[in-house]
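Below you'll find the structure, written out as C-alpha cells, and then a few comments.
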Amino acid sequence: CYFYQNQGRQSVQAFENALALNPESFWALYNLGVMAARLGDCQIASSLLSRARQIPPQEVIRAMFISKLYVDIAAADERFGPNIQQYLAHAYGQAEVLEKIAGQCVQDAAGARALLGQQGQKAQIQVF
C-alpha cells in the first residue's frame, strides 16, 4: 500500500481510481475518509465516511469474495477469511467515530479539527 510507504499522493490516486471503477467501494471511501481525517479536512472526511457507512456490510463482504486480491490474500494467510467480519466491524466503528467528529468539525466545534486529526492517526488504512 502506497500509504504505508509514505507515498500519500500515489495512495490517494489509487483509492480514487478504485472509486472510479466502483463508486460503492467501502474500502476506497473508508481509506480516503481516514486520510482526510488525518489531514483535518472535516468536510471531505465527513462526506466520504458517511458514504462508506451507507454501504451494507454484507455488500462489502460479497464484493470482497469475488475480488482476486481477496482470494490471493486469503490463500496466503488462512487466518484472514474467518476474521474478515471482525476487520469490517472494526472499520465501520472507526468510520462512525470519525464521521461524528468530522461533522462537529464542519460546524466549527472547538477542538474538533485537532481531535479529528488525532483519531484519524489511530485509524488504520486497509488494503482490501
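The values are calculated or read from the model by the stated rules, or taken from the named source; none is laboratory data. Computed from a prediction, not measured in an experiment: that's the story for all the values here. Please note: Cβ atoms are built from the backbone with ideal geometry, for glycine as well, and neighbour counts cover all protein chains shown. Ligands, DNA and RNA are excluded from the accessible area calculation, which covers all protein heavy atoms including side chains. Shrake-Rupley method; radii C 1.70, N 1.55, O 1.52, S 1.80 Å.
State whether the residues of segment 113-128 include one that is open to solvent by 100 Å² or more (accessible area, probe 1.4 Å), free of Cβ contacts under 8 Å to residues at least 12 places away in the same chain and closer than 22 Å to Leu19 by Cβ.
no
Anything in segment 64-112 that is at pLDDT 70 or above, in a helix (DSSP H, G or I), over 16 Å from Ser46 (Cβ atoms) and open to solvent by less than 80 Å² (accessible area, probe 1.4 Å)? List them, or say none.
Met64, Asp72, Asn83, Ile84, Leu88, Ala89, Ala91, Gly93
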